[in-house]
Amino acid sequence: MKEPMQPNYDVLVIGRGIAGLTAALHAAGRGALVAVVYHNNICSTNLAYEGVFRFPQDIDELETMVHDHGCGLADPQLLSTFFQHYRDYGQKDLERIFPLTSAKPIGKKHKRGGPGILADLNQSCNRKDITFINGMAVKIITSGRGVSAVQIYHLTHLITIKVKSIIIAAGGGIGSIYQTTNNAPSCCLPGTVLALNAGARLKDLEFISYHPFGAVNYRTRDNTTPVFTFFNIGIITAIYSNKTNNRVPFIENLISTRTVAQNPHDNIFKIAREVQKHNGIHIYKTVHGQSKRISLAVVAHSLIGGIEVDTDFMTAVTGLYAVGESAGGLNGAGRLPGMALLEGYVAGKQAGLHAAGYASKHNYRPVNPAELHASSTRFGMFSNVTGEIKNIADTAIFIERTETDLRLAEKRLAKLMSGIVREDLAQHIEYALAETVLAMIHASLLRKESRGNFYRKDYPHPDLNMQHNIIVQKKNPDAAVSVFRQHPPNDSLACGNDA
């Protein structure tokens, strides 16, 4: 690991998962001076052991999986480019990184699980002399519609680093927005927030992926939230009703009949209603030699929508890229099924190569001191205001929602935001999170059909003629958020604001 930090970098990557490290590695391979900003070592890749490693037998299978789960909402041009990159990398290269070529889950002890992949990537990055900066990226500074610097909350103070290009690979940011999430606790701004405030556009923010089971208010020894999915609960686990304390055969049977073609994700609404009927469910699990009751719930897992990118994974801001869960347009209404890590690798490689090429042709842009934030003694991510924002997201933009609920949440957020004066970093973080949740509410209100793992109870049936893309943007960091439809997909933005 390279120390101390350099004052300037050609490419700065935000995020230390498979997409971020792959991007950093390939950018450095092209001769760029690269740094990676991260807050902790817990990320989606680190928690991935099973399911995500089922490697498609051929490109036709992958294309079928993506199109079927995307409900036709994934960007066709972006998908085409992704498939072409997938072909170009070659089967042997991908099998070296994702060696499993069957439908059988690999198990927690497989050396090529998520932690194994990250370990290999970290070693490769260290050999490339890539700098790792432990901190929280809080603001992207732009100049003339291009990136110029990043502000990072490092240890107890803010630092400003000049950059030529930035790659956002910060995950879906769901841990910063929802309380009921099985993502690891996140202490960084979601990549969507960073991009929106920098001038990038967001796409289809109302699409959210859910896991059937997540632990509620439970922490392991290292203070991280364990992920309980249908894979690692196991078929012999007894599930109990909170209302009666009796076992729940419906969910137990669903787990025991798990197959490659059918799993609890496909019945998310049935499971959610069953859990609600029993006032929640729980299991008993031996932890450190003691039997503990662990409450489970259907939980938010990731945002399907995200930062709008082109086929080079660059956003509307010159020199700003987005890959992985942060990016929108590749997944449509559903994650690339079983291929989250593969998508991160393919997109990460392309973004890294392109960002390095961009940096080699451009100089550093000037930094306007007026755009820099002042530091704060109060950390906003764990404030009462942040808790209220998360509560609104949990109650208004969860699996089932109605226009009445969304309008009420809109009023609650507007009142909350009116009391945030944004004079320091903590208030900036609070306001940015609230603004993102408000944009998700507006996007949900504009969509008149149900898609993916979410459900408008007042629009219960899919309408194939209403596959609108919902676009979110800000003209500048101080401007109000605009949310509008774009239909048909990829048309110009002349349609104007609908909300």
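The values are calculated or read from the model by the stated rules, or taken from the named source; none is laboratory data. A quick note: this is a predicted structure, and the numbers were derived from the prediction, not measured. When we count neighbours, we look across all protein chains shown, and the Cβ atoms used for this are built from the backbone with ideal geometry, even at glycine.
Kindly list, by first and then second residue, each pair from a residue in the stretch 404-430 that is more than 12 Å from Ile389 (Cα to Cα) to a residue that is in a helix (DSSP H, G or I) and hydroxyl-bearing (Ser, Thr, Tyr), limited to pairs with Cβ atoms under 6 Å and residues at least 6 apart or on different chains.
Cβ pairs passing all conditions: Leu406/Ser444; Ile420/Tyr431; Arg422/Tyr431.
Looking at (1) closer than 30 Å to Leu425 by Cα; (2) in contact with a Lys or Arg (Cβ under 6 Å, 6 or more places away or on another chain); (3) not in a loop (DSSP other than H, G, I, E, B), which is the one condition that is false for Ile294?
(1)
Among the candidates Val163, Val138, which residue alone is at pLDDT below 90 and in a strand (DSSP E or B)?
Val138
Residues in the stretch 232-276 that are under 16 Å from Ile294 (Cβ atoms) and either modelled with pLDDT of 70 or more or part of a helix (DSSP H, G or I) (or both): how many?
The number of residues fulfilling the criteria is 15.
For the stretch 199-223: of the residues being of a type in the set (A, V, I, L, M) and modelled with pLDDT under 70, which is surrounded by the most Cβ atoms within 10 Å (Cβ to Cβ)?
Ala215
Look through the stretch 319-377, keep the residues that are among the hydroxyl-bearing types (Ser, Thr, Tyr) and surrounded by 24 or more Cβ atoms within 10 Å (Cβ to Cβ), and return whichever of them is modelled with the highest pLDDT.
Applying the first criterion (among the hydroxyl-bearing types (Ser, Thr, Tyr)) to the stretch 319-377 yields 321, 326, 345, 358, 360, 364, 375-377.
Then keep just the ones that are surrounded by 24 or more Cβ atoms within 10 Å (Cβ to Cβ); that gives 321, 326, 345.
Working: Tyr321: 98, Ser326: 86, Tyr345: 85.
Selected residue: Tyr321.
Yes or no, residue by residue, for (1) surrounded by fewer than 22 Cβ atoms within 10 Å (Cβ to Cβ); (2) modelled with pLDDT under 90; (3) touching a Lys or Arg at 6+ places or on another chain (Cβ under 7 Å); (4) at positive phi:
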position	(1), (2), (3), (4)
Arg87	yes, yes, no, no
Arg96	yes, yes, no, no
Pro99	yes, yes, yes, no
Ser102	yes, yes, no, no
Arg112	yes, yes, no, no
Pro115	yes, yes, no, no
Ala119	yes, yes, no, no
Ser143	yes, no, yes, no
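Given (1) in a loop (DSSP other than H, G, I, E, B); (2) β-branched (Val, Ile, Thr); (3) surrounded by fewer than 16 Cβ atoms within 10 Å (Cβ to Cβ), where does Thr311 come up short, assuming only one miss?
Unmet for Thr311, out of (1) in a loop (DSSP other than H, G, I, E, B); (2) β-branched (Val, Ile, Thr); (3) surrounded by fewer than 16 Cβ atoms within 10 Å (Cβ to Cβ): (3).
Results for (1) touching an Asp or Glu at 6+ places or on another chain (Cβ under 6 Å); (2) within 23 Å of Tyr9 (Cα to Cα), shown as yes or no for each residue.
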| position | (1), (2) |
| --- | --- |
| Thr315 | no, yes |
| Gly334 | no, no |
| Tyr345 | no, yes |
| Leu353 | no, yes |
| Ala359 | yes, yes |
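Mind listing whichever residues of the stretch 143-160 are under 20 Å from Arg201 (Cβ atoms) and hydroxyl-bearing (Ser, Thr, Tyr)?
Going residue by residue through the stretch 143-160, those that are under 20 Å from Arg201 (Cβ atoms) are 143-148, 150.
Those that are under 20 Å from Arg201 (Cβ atoms) and hydroxyl-bearing (Ser, Thr, Tyr): Ser143, Ser148.
Among the residues in the stretch 403-422, are any part of a helix (DSSP H, G or I), within 30 Å of Asp312 (Cβ to Cβ) and more than 25 Å from the chain's Cα centre (by Cα)?
Among the residues of the stretch 403-422, not one is part of a helix (DSSP H, G or I), within 30 Å of Asp312 (Cβ to Cβ) and more than 25 Å from the chain's Cα centre (by Cα), which makes the answer no.
For the stretch 422-468: of the residues being among the aliphatic types (A, V, I, L, M) and modelled with pLDDT under 75, which is surrounded by the most Cβ atoms within 10 Å (Cβ to Cβ)?
The residue in question is Met466.
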